[in-house]
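The values are calculated or read from the model by the stated rules, or taken from the named source; none is laboratory data. This structure is a prediction, so every number in the text was calculated from the model and none was measured. Reconstructed Cβ throughout: ideal geometry from the backbone, glycine too, with neighbour counts over all protein chains shown. For accessibility, only protein heavy atoms count, side chains too; no ligands or nucleic acids. Shrake-Rupley method; radii C 1.70, N 1.55, O 1.52, S 1.80 Å.
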Amino acid sequence: MAAPSVAELREHAGIGAEIYALAAEIYPICRSITGDGVRRTLGHLARHIDLEMHEAPTGTQVFDWTIPREWNIREAWIKNAAGERIVDFASCNLHVLSYSRPVHAKLPLDELKKHVFTLPDQPDLIPYRTSYYADNWGFCMAHDQLAALPEGLYEVLIDASLEDGSLTYGEYLHRGTTDEEVLFSAHICHPSLANDNCSALALLTLLAERLAPLRTRYSYRFVFAPGTIGAITWLARNEARVSRIRHGLVVSCVGDGGGPTYKKSRRGDAFIDRAMTHVLGHAGASPTILEFFPYGYDERQYCSPGFDLPVGLFQRSQFGTFPQYHTSADDLDFIRPEHLASSYRMIVDALDIVENDWRPHSTTPKCEPQLGRRGLYSALGGDHDGPAKSMAFLWILNLADGRHSLLDIAERAQLPFAVVAQAARRLEESGLLVEERCGASPTAAGRHPDDGRAGQVLPR
Amino acid sequence: MAAPSVAELREHAGIGAEIYALAAEIYPICRSITGDGVRRTLGHLARHIDLEMHEAPTGTQVFDWTIPREWNIREAWIKNAAGERIVDFASCNLHVLSYSRPVHAKLPLDELKKHVFTLPDQPDLIPYRTSYYADNWGFCMAHDQLAALPEGLYEVLIDASLEDGSLTYGEYLHRGTTDEEVLFSAHICHPSLANDNCSALALLTLLAERLAPLRTRYSYRFVFAPGTIGAITWLARNEARVSRIRHGLVVSCVGDGGGPTYKKSRRGDAFIDRAMTHVLGHAGASPTILEFFPYGYDERQYCSPGFDLPVGLFQRSQFGTFPQYHTSADDLDFIRPEHLASSYRMIVDALDIVENDWRPHSTTPKCEPQLGRRGLYSALGGDHDGPAKSMAFLWILNLADGRHSLLDIAERAQLPFAVVAQAARRLEESGLLVEERCGASPTAAGRHPDDGRAGQVLPR
Amino acid sequence: MAAPSVAELREHAGIGAEIYALAAEIYPICRSITGDGVRRTLGHLARHIDLEMHEAPTGTQVFDWTIPREWNIREAWIKNAAGERIVDFASCNLHVLSYSRPVHAKLPLDELKKHVFTLPDQPDLIPYRTSYYADNWGFCMAHDQLAALPEGLYEVLIDASLEDGSLTYGEYLHRGTTDEEVLFSAHICHPSLANDNCSALALLTLLAERLAPLRTRYSYRFVFAPGTIGAITWLARNEARVSRIRHGLVVSCVGDGGGPTYKKSRRGDAFIDRAMTHVLGHAGASPTILEFFPYGYDERQYCSPGFDLPVGLFQRSQFGTFPQYHTSADDLDFIRPEHLASSYRMIVDALDIVENDWRPHSTTPKCEPQLGRRGLYSALGGDHDGPAKSMAFLWILNLADGRHSLLDIAERAQLPFAVVAQAARRLEESGLLVEERCGASPTAAGRHPDDGRAGQVLPR
């Protein structure tokens, strides 16, 4: 059995504060699907991990898409008739419609309004809006502010460039004892939105950093790429390699106190779907488990029918359901170290299952073994509270027929995987269990038909 | 893809009034399982469609049954001691027990009562009763009327004949581009009961009339036959041909405002079962979907184990559950043109699915295609209401792997089939979908194992 | 078809009183997992049936276990400083921790308390406690009594022996027309606890007695053995033979008015699981059907992975859930003849299914046969209460395709098996059904893959 190294990550004190600090560090940067904001963000992450930077030039064809021109912005504001900056990109980068073309003009209020986006239902918040593939320019501001603007001439400036350049993404690989991969993917294209997605960029970076010294069964690949076009670019460049991906998670919005939420892969019964459903079911909160649907983050690309990878989406509050979503209220007050820490632990718990699941085989399958003389059973009979402590042992022994893995047993027994895994270790030490041998059970392969491990010994 | 001709029937304005008018026309006729009432009713229907009349002679063996003698009735009444007609068949044909033998006698009240059927719980209504296979005579009347009758001698007359003759049924075939058939069947044996079953006789006749000019994939067979013995006769005479039936509906009681109700075929997972469940689920009301049970209308015969055809039962209120059922209250006030029209549209919606389901195959299965540049996607990003309009496109593209038909996709996406079908047409026009080619997918056949289409291209 | 002999047991008047009387007879005996108490109890049962006694010597290895030394007790008490017996085994054998080693000593109250078990939450009841495999001695008493004891010296005596001897169990076989077996098993190791398990020992003994004169398809094996170690011993000695067991029930706690409760076999879909679920569903009460879990009575051994026998657990109230459980309140007032009788009838109903299930094949599968002329159908049509009486006939005929057994049909129709079986007999007498012939249906074998009857004709 593998050393339970991944599980040890769970015990990491202060991880919430560390993730929060990194999220806060990258929060102010103005990111979009291309441009220096992405590069600078990756630079911050690269202080923690040996991150590879990739550039895909403008005009490159990636499946049905073409890498667009690179967008960079220096300055943007609206001045009123008195020459006062009433809106300034420097104070909040949400103020500019992402991918706005450059503009410098004077307009009457009515004309200006055609280029201003607000949230009438949340009149004090600045919305986040983009226009990647339609030629446009615009500002975003609080509805109250817009409503209070007097008639008059306004001067607008967007000092931005849209030029040939490249799309940037970062990639980090932790090598395990096998080539089989676990994929983590987070979008890096949103500007100053703390939960969406500074939270996941920071969490995954620190997870990768903590994994680095560990010996793991799987190799772990971390992809930090712009949403949609970035994931598509990564898939186009790595098409031949994706068959190595056994399990994957897209991660976003992991810093708020809601959820947890898991959206299943398109397959619906992938091992990661079962592992995450199990972990969230024992996480103490009321989890939301969603069937796959074709809208959301980059699971849309990983789960497109031509790839159909076993990749789900992990979040706390589900995107689009919390009032701060895509507004200036998704700021550093909205995410908390304790929520980042618990999100981190849920992912680690899932990795513990992914790394450490195995199929026990009872050495004494006929009748129960005598647990009492091995110190594994309440000595005093008749007391009906006694056996509760032994239920994990009893469940494992009853299902240790080589057809059930520890996760199967944990699901059936409604016990946390870690409890079952620990009990299984004690039974193995007592000689009551052995690991299923290669090819011993014809059903071993059948259990996880999707994950490509058919007929293979789980290395431990 | 077939021209969406069947779906166009949905738009037919005034169809409810037309169906109502035909139902009202045939309502007064006294029908039974044999006799001139059936012939006259078929005569009315034949003004709309090219109906074939069939006669099966008395004594013909049809499976376990024998065609009975033909029953015809001219006159029937009860006169009181004063010679006044207190019950008269001429005013309501429910007054006579169907298949009563002729009688002319004078009887005291006590003797008369042995031959009178009433509804003590609905004392103002006349019940509908039959005695096809037991030698009997009788009258049906309001319980209040019976209770008020004074002692005395009553004269009864039933001037009916039970003689060798034949059983009559009508049949109409709309020829499609294939020999595969959709069967519609309605019982024609009930006397003046408007919902049960003038409503369905009229609705199906007008549906057949509207279908006539259309080019359809399927051939459509309409059978108007007496309940039980008529359907058995039709099956006995067409035994060799029933394997052509791919989908079928028995239709009755479609003029009231209840339900809608669909009772599944014996198979329970026939395509028609899925199509009707889908249509009723999007019809706006609270549908009742029933598993098959071996009591009801002629689905009992079509779904007998030796046939086991994919034939369900469509109704508004379920038979036996509404107080007007089998009483004089099932009259022309009980059925409404608007209910007949909505029943008609539900059937047309199901035919649209039956005719126009197909398996799309994405031409760009790896990652999503760029919908934006094809005008199929909200240009402005970040707004979380935008994508709702695109969900049909996203669902279709995600499931267009050749293993899912449009109905599969509509079910999964919880969108109406028509919305999915229309979106699929736009995607096909954009070159993003092609139709699944013959034999391309080994699972194509597996999807509807029951409907005999295994391995076959859906002609479009 | 077999004579419905087993079903006749259902009519046995007075069975509740007979079971109660036998339970009362064995109630006072002090039993443990070994010793003369078991032998004396078996002696009482042997007055009703031809019971074989078996002895397994101390030290015998049975799978992972070893038969312990034999425990016998003659006398036990606690005397207060005044020499008065304040606790006496002679008045209630629960007072002594089962398998206590001998002791004779004077102790202060504090020392005594270390050897006394009470129930603080049920302070007036004496608990039942055991210490089979840990060297210990102890007394059980009411918590109120312990709390009231004054300081002082107490004299304790347990005159018991723990010596080489043997473990005793009893076995009875009723031979049927085949070697296939139905197993009944009840634990015989509890002292004076009426429901747990004098009730089941008495019920099964009288069931065995009543079965004796009957000709049955199955052979019926009754095992009365100490819990855990006794069942393990029986399995170790009969390992080669257990493959004959087609259906089995562990029975305990069948005298109280709760439940009924059925815990499924580990397989979860064994025929006995379906039969018991069906019977309890029609028993009029609110049954509890539990999935298998690896704690309870001797189903733990029969359902260990190396055996995985189709054996469930039948109880009224589930063990551990009623306040009298494992206390002195589980006495002869707690069990009632009427509950014993209804438990008996539920078991008999399940045996009726096990013995008399068969697969009917309709002789007239195309359309319904004409039930009316065979007197099997309401003659008067139109009345919607009429058909209820005929539903069993209609269901059987509709499903008599050789793929459905009577139990399948009863489940689908939600009718009691006995009603369906009786209706099937009438249809068979009318020539409308025949029994499925050997090999006629390839699916016949598939229906109960677990019960070993694959491809075999059910002898009737």
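Based on this model, can you work out whether B:GLU111 counts as closer than 30 Å to B:ARG237 by Cβ, exposed (fewer than 14 other Cβ atoms within 10 Å of the Cβ), away from chain C (no Cβ under 14 Å) and not small (Gly, Ala, Ser)? Working first, answer last.
Working: closer than 30 Å to B:ARG237 by Cβ: no; exposed (fewer than 14 other Cβ atoms within 10 Å of the Cβ): yes; away from chain C (no Cβ under 14 Å): yes; not small (Gly, Ala, Ser): yes.
So B:GLU111 does not fit the description; no.
The residue pairs whose first member lies in the range C:25-50 and is assigned to a loop (DSSP other than H, G, I, E, B), whose second member is of a type in the set (Lys, Arg) and open to solvent by 10 Å² or more (accessible area, probe 1.4 Å), and whose beta carbons are closer than 7 Å, counting only pairs six or more residues apart or on different chains, are C:ILE29/C:ARG40.
I need the full set of residues from the range A:410-438 which are part of a loop (DSSP other than H, G, I, E, B) and charged (D, E, K, R), in order please. Give the derivation first.
Just the residues of the range A:410-438 that are part of a loop (DSSP other than H, G, I, E, B), to begin with: A:414-416, A:430-432, A:436-438.
Within the range A:410-438, A:GLU436, A:ARG437 qualify.
Only residues that are touching a Ser or Thr at 6+ places or on another chain (Cβ under 7 Å) and either open to solvent by 10 Å² or more (accessible area, probe 1.4 Å) or aromatic (Phe, Trp, Tyr) (or both) were counted across the range B:154-168, and they come to 3. If you filter the range A:226-244 down to residues that are within 14 Å of another protein chain (Cβ to nearest Cβ) and within 29 Å of A:ALA7 (Cβ to Cβ), you find that the one that is surrounded by the most Cβ atoms within 10 Å (Cβ to Cβ) is A:VAL242. Of the residues making up the range B:86-104, those that are over 24 Å from B:GLY227 (Cα atoms) and in contact with a strand residue (DSSP E or B) (Cβ under 6 Å, 6 or more places away or on another chain) are B:ILE86, B:VAL87, B:ASP88, B:VAL103, B:HIS104. Whenever a residue of the range B:143-158 is on the phi > 0 side of the Ramachandran plot, its partners that are in a strand (DSSP E or B), lying with C-beta atoms within less than 9 angstrom and at least six residues away or across chains, give the pairs B:GLY152/B:PRO108.
Take the range C:1-50 and flag every residue that is hydrophobic (A, V, I, L, M, F, W, C), under 29 Å from C:ASP357 (Cα atoms) and open to solvent by less than 40 Å² (accessible area, probe 1.4 Å).
Our first condition is that a residue be hydrophobic (A, V, I, L, M, F, W, C); within the range C:1-50, this holds for C:1-3, C:6-7, C:9, C:13, C:15, C:17, C:19, C:21-24, C:26, C:29-30, C:33, C:38, C:42, C:45-46, C:49.
So of that shortlist, the ones also under 29 Å from C:ASP357 (Cα atoms) come out as C:1-3, C:6-7, C:9, C:13, C:15, C:19, C:49.
Result: C:ALA2, C:VAL6, C:ALA7, C:LEU9, C:ILE15, C:ILE19, C:ILE49.
For the range C:279-334, the set of residues classified as surrounded by fewer than 21 Cβ atoms within 10 Å (Cβ to Cβ), more than 10 Å from chain A (Cβ to nearest Cβ) and over 15 Å from C:ASN195 (Cβ atoms) consists of C:GLY281, C:HIS282, C:ALA283, C:GLY284, C:ALA285, C:SER286, C:PRO287, C:THR288, C:ILE289, C:LEU290, listed by residue number.
Any residue at all in the range C:204-215 that's touching a residue at least 40 places away in the same chain (Cβ under 8 Å) and part of a strand (DSSP E or B)? No, the range C:204-215 contains no residue that is touching a residue at least 40 places away in the same chain (Cβ under 8 Å) and part of a strand (DSSP E or B).
Can you pull out the residues in the range C:1-24 that are hydrophobic (A, V, I, L, M, F, W, C) and outside any helix (DSSP H, G or I)? Listed by number, the residues that qualify are C:MET1, C:ALA2, C:ALA3, C:ALA13. Which of the residues spanning the range C:272-316 are without any contact (Cβ under 8 Å) to a residue 60 or more places away in the chain, among the hydrophobic types (A, V, I, L, M, F, W, C), outside any strand (DSSP E or B) and closer than 21 Å to C:GLN414 by Cβ? Hit for the range C:272-316 is C:ALA285, nothing else.
Residue selection: B:ARG215 fails the criterion of being of a type in the set (Lys, Arg) and crowded, with 24+ Cβ neighbours inside 10 Å.
Confirm whether B:THR216 is over 28 Å from C:MET391 (Cα atoms) and either within 14 Å of chain C (Cβ to nearest Cβ) or touching a helix residue (DSSP H, G or I) at 6+ places or on another chain (Cβ under 7 Å) (or both).
Working: over 28 Å from C:MET391 (Cα atoms): yes; either within 14 Å of chain C (Cβ to nearest Cβ) or touching a helix residue (DSSP H, G or I) at 6+ places or on another chain (Cβ under 7 Å) (or both): yes.
When the stated conditions are applied, B:THR216 passes them.
The range A:60-150 holds strands (runs of 3 or more DSSP E) entirely within its bounds, and those carrying 2 or more residues that are among the acidic types (Asp, Glu) map to A:70-79. Within the range B:66-99, the set of residues being open to solvent by less than 30 Å² (accessible area, probe 1.4 Å), over 27 Å from the mean Cα position of the chain (by Cα) and more than 17 Å from B:ILE29 (Cβ to Cβ) comprises B:TRP77, B:ILE78, B:VAL87. Of all residues in the range C:187-203, those satisfying the criterion of being touching an Asp or Glu at 6+ places or on another chain (Cβ under 8 Å) and outside any helix (DSSP H, G or I) are C:HIS187, C:HIS190, C:SER192, C:LEU193. Condition check: more than 30 Å from C:VAL87 (Cβ to Cβ), touching a helix residue (DSSP H, G or I) at 6+ places or on another chain (Cβ under 7 Å) and free of Cβ contacts under 8 Å to residues at least 60 places away in the same chain. Does C:TYR169 satisfy that? Judged against the criteria, C:TYR169 is not a match. Take the residues of the range A:39-65 that are under 18 Å from the mean Cα position of the chain (by Cα) and closer than 28 Å to A:THR327 by Cβ: which is farthest from the other protein chains (Cβ to nearest Cβ)? Here the residue is A:LEU45. Checked against (1) surrounded by fewer than 17 Cβ atoms within 10 Å (Cβ to Cβ); (2) not in a loop (DSSP other than H, G, I, E, B); (3) not hydrophobic (A, V, I, L, M, F, W, C), A:HIS54 passes all but condition (1). Residues in the range A:131-158 that are in contact with a Leu (Cβ under 7 Å, 6 or more places away or on another chain) and within 12 Å of chain B (Cβ to nearest Cβ): A:SER131, A:ASN136, A:GLY138, A:CYS140. Of the residues making up the range B:353-409, those that are open to solvent by 30 Å² or more (accessible area, probe 1.4 Å), in a loop (DSSP other than H, G, I, E, B), over 15 Å from A:TRP65 (Cβ atoms) and modelled with pLDDT of 95 or more are B:ARG403, B:HIS404.
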